[in-house]
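To start, the structure under review is shown below, and the notes come after it.
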Protein chains: 2
Amino acid sequence: MADRVFGHIDETYEGQVFSNRLELSYSGIHRPTQAGISGSQNEGADSIVISGGYEDDEDHGDTIVYTGHGGREDGSTKQVVDQELVRGNKALALNVLKGLPVRVIRGTDKKSNYAPQEGYRYDGLFIVEEYWKDIGKSGFNIWRFRLRKQNQNDISIANILKEDQSEYKSTKRVETTVQRIVRDTELSKSIKLLYNYKCQVCDQAIETSSGLYAEAAHIKPLGIPHNGPDTLNNILCLCPNHHVMFDYGGFSILDDYDLIGIEGRLKIHSKHYINKEFLKYHLHHFYDEKNRF
Amino acid sequence: MADRVFGHIDETYEGQVFSNRLELSYSGIHRPTQAGISGSQNEGADSIVISGGYEDDEDHGDTIVYTGHGGREDGSTKQVVDQELVRGNKALALNVLKGLPVRVIRGTDKKSNYAPQEGYRYDGLFIVEEYWKDIGKSGFNIWRFRLRKQNQNDISIANILKEDQSEYKSTKRVETTVQRIVRDTELSKSIKLLYNYKCQVCDQAIETSSGLYAEAAHIKPLGIPHNGPDTLNNILCLCPNHHVMFDYGGFSILDDYDLIGIEGRLKIHSKHYINKEFLKYHLHHFYDEKNRF
């Protein structure tokens, strides 16, 4: 089998329409002829098809809330058991951690304003921004993924991924490996000052040559579909390590501020009121007992 | 004095030309009438003027390598002592850590292809991507900053900074506070596998619900003007905390792999050959004994 390609496929173009899944498969844009997710647990997902098969999918155009696979009766769209963070779902979650783009193909779907009239349309590269679990319309656990259409800047990253990486070749201007885009709002400033840049989990402040560094972490995330508020009662002061762990389900926080997933207890300043509804939201959607080390 | 505004100034536009520094100051785009950097050590820098006053400035259009201030004789462009990471220089370094945009104004400069024919032209918002020290053409230490023109996606962040952040207002779709753009190349994959995702400084791997997480950190950075290579002998496996500290001068690594700035020693796998020239480059350019805690 050919190597999995993350990014655009040569000799295809965005907006290209294919009559059926077999044609789509031959193009290399989405190899599996039935599965919605093309990917592996170790490499990540290279492409997905969204075509109305999952009742919990939401298509907002440049933002898609995509439902993982599994849990449905054979040949039916009805969900009958919980989905788990395995196979294609695990692959898509890896895209979040690794910053890998995924090709998105839309099939016909009468409920969606963005679906093609017929066939399967390749709609370009999306970033998988976030993953979390939820209770779907049928009452069973589902895993969800927020995808965002790549902009021009992101695409340069995808192109790099396709380049041959020979050991000593000179490097042209590329993105740095990790680029932090930090919003330093009044709120994030005030939470960092309140804790003197010390992480509420490990009590450490990160020292740099231009001062202390910490990150403001939202408990119930901003944006579709969580729509958590950008308010102090929904923000923590964390070091980068615990921020990554918190966002990607490495630990969560119980009602009494004991941590779950790792040892310890959240440190709270007497002037910092945290809304416990947001803690509950995080615990239910981002923490998964089944994925413990 | 009015609050410092990070981002576009109302009732001005990109490309607007001002006859002189006084007009520029009245517009609010760059308040100081003489200083090249407008900013404070605690808040960051809101605007800079680039106008050929520093012999070490490099203007590549969308990328600018800007020299900090200080160290020059009064009324001269000649550098006579070392620059330090204080005042305006410290302010610009804070922009890197906080992700704050800076307004860039170009003045006339016969040596630059991007300078206006006359007056001062407002050229929009730039991200301050990186800061480091160097030895300038005159043989004294200078502090340098790589600026990159913001793209459409970045601009949404700047707009958010200008928004009034009232405590309970609902949040529309905004960028997450910290967005990691990770290139998962074959090289970064192999370095993480070699160390089993454990940080070469603290020996810890970050656990998430979809697996272990680590970051590949370049020792001599990629990109203008460092042009470090994307090769295994220039890459470390670090946790996010030590990656931030390493990139922003919190510590460096000596020839014998002892750490400087923090206690400890770099862990090296027997199959991982590191080019010591790159360690020297990092030590000389990113670590500053004067800025210790």
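The values are calculated or read from the model by the stated rules, or taken from the named source; none is laboratory data. Just so you know, these numbers come straight off a predicted model, no measurement behind them. Positions of Cβ are backbone-derived with ideal geometry, glycine not excepted, and every protein chain shown enters the neighbour counts.
At a glance:
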{"item": "Residue tally, condition within 14 Å of chain B (Cβ to nearest Cβ) and in contact with a Phe, Trp or Tyr (Cβ under 8 Å, 6 or more places away or on another chain), over segment A:76-94", "result": "6"}
{"item": "Lone unmet requirement of (1) surrounded by 21 or more Cβ atoms within 10 Å (Cβ to Cβ); (2) within 14 Å of A:CYS199 (Cα to Cα) for A:LYS267", "result": "(1)"}
{"item": "Matching residues in segment B:259-293 - criterion: being out of contact with any helix residue (DSSP H, G or I) (no Cβ under 7 Å at 6 or more places or on another chain), more than 10 Å from chain A (Cβ to nearest Cβ) and closer than 23 Å to B:ALA205 by Cβ", "result": "B:LEU259, B:GLU263, B:GLY264, B:ARG265, B:LEU266, B:LYS267, B:ILE268, B:SER270"}
{"item": "So A:ASP230, is it facing chain B (nearest Cβ under 10 Å), more than 20 Å from B:LEU238 (Cβ to Cβ), in contact with a strand residue (DSSP E or B) (Cβ under 9 Å, 6 or more places away or on another chain) and not in a helix (DSSP H, G or I)", "result": "yes"}
{"item": "Index of the failed condition, B:CYS202 passing every other in (1) outside the structural domain of B:LEU92 (by TED's automatic domain parsing); (2) at pLDDT below 90", "result": "(2)"}
{"item": "Checking B:LEU22 against (1) assigned to a loop (DSSP other than H, G, I, E, B); (2) more than 14 Å from chain A (Cβ to nearest Cβ); (3) among the aliphatic types (A, V, I, L, M), the condition it does not meet", "result": "(1)"}
{"item": "Filter pass, B:ASP247 being within 13 Å of chain A (Cβ to nearest Cβ), surrounded by 23 or more Cβ atoms within 10 Å (Cβ to Cβ) and not polar (S, T, N, Q)", "result": "yes"}
{"item": "Subset of segment B:114-132 [at pLDDT 90 or above and within 13 Å of the chain's Cα centre (by Cα)]", "result": "B:PHE126, B:ILE127, B:VAL128, B:TYR131, B:TRP132"}
{"item": "Single residue of B:LEU193, B:LEU236, B:LEU222, B:LEU212 found to be in a helix (DSSP H, G or I), at negative phi and modelled with pLDDT of 60 or more", "result": "B:LEU193"}
{"item": "Residue among A:ASP255, A:ASP230 that is outside the structural domain of A:GLU84 (by TED's automatic domain parsing), farther than 30 Å from B:PHE251 by Cα and loosely packed, with under 15 Cβ neighbours inside 10 Å", "result": "A:ASP255"}
{"item": "Subset of segment B:194-211 that is surrounded by 23 or more Cβ atoms within 10 Å (Cβ to Cβ) and touching a residue at least 12 places away in the same chain (Cβ under 8 Å) - its residue that is farthest from the other protein chains (Cβ to nearest Cβ)", "result": "B:GLN200"}
{"item": "Qualifying residue in segment A:202-212 (condition: aliphatic (A, V, I, L, M) and under 23 Å from the mean Cα position of the chain (by Cα))", "result": "no"}
{"item": "Contacts under 9 angstrom Cβ, first residue in segment B:54-65 being on the phi > 0 side of the Ramachandran plot, partner of a type outside the set (A, V, I, L, M, F, W, C), 6 or more apart", "result": "B:GLY61/B:ASN113; B:GLY61/B:TYR114; B:GLY61/B:LYS149"}
{"item": "Among (1) without any contact (Cβ under 8 Å) to a residue 24 or more places away in the chain; (2) closer than 15 Å to A:ILE105 by Cα, the one test that A:ARG72 misses", "result": "(2)"}
{"item": "Among the candidates A:LYS149, A:LYS90, A:LYS137, A:LYS111, residue that is at pLDDT 90 or above, of a type in the set (Lys, Arg) and surrounded by fewer than 16 Cβ atoms within 10 Å (Cβ to Cβ)", "result": "A:LYS149"}
{"item": "Check on B:ILE37, among the aliphatic types (A, V, I, L, M), touching a helix residue (DSSP H, G or I) at 6+ places or on another chain (Cβ under 7 Å) and in the same structural domain as B:TYR131 (by TED's automatic domain parsing)", "result": "yes"}
